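The block underneath contains the structure these notes are about, expressed in structure tokens.
The values are calculated or read from the model by the stated rules, or taken from the named source; none is laboratory data. Nothing here was measured: the structure is a model prediction, and the numbers come from that model. Every residue, glycine as well, gets a Cβ built from its backbone with ideal geometry; the counts of neighbours run over all protein chains shown.
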Amino acid sequence: RHVWANFCLAHHNGKLLDDDAALHDFGVRNNSQVHFLPYVVSKGSGRHSKRRKHRFFHGLSKLS
């Protein structure tokens, strides 16, 4: 889950972001190479593109 939240597949420097699109629409064929690129949300969407801090010890104080 961590990988898909922070990276996306790319083919010829075009990010494959549309889950409903067919791969041949992006030019992906047999033996095509795809790469993982960092997924950065655009500023227009209102979400931050900064990486979130992992808070491993956040819930441990509630257990004691």
Scanning segment 12-33 residue by residue, the ones that are surrounded by 10 or more Cβ atoms within 10 Å (Cβ to Cβ) and within 18 Å of the chain's Cα centre (by Cα) total 8
What number of residues within segment 1-43 are aromatic (Phe, Trp, Tyr) and in contact with a helix residue (DSSP H, G or I) (Cβ under 7 Å, 6 or more places away or on another chain)? 1
Return the pair list, or none, for Cβ contacts closer than 6 Å from residues in segment 1-28 that are under 17 Å from Val40 (Cβ atoms) to residues that are assigned to a helix (DSSP H, G or I), at least 6 apart or on different chains. Leu16/Phe26
Quick check, is Ser49 at pLDDT 90 or above and surrounded by 10 or more Cβ atoms within 10 Å (Cβ to Cβ)? no
State all residues of segment 16-46 that are at pLDDT 55 or above and either polar (S, T, N, Q) or touching a Cys at 6+ places or on another chain (Cβ under 9 Å) (or both); if no residue qualifies, say none. Leu16, Leu17, Asn30, Asn31, Ser32, Gln33, Phe36, Leu37, Pro38, Tyr39, Ser42
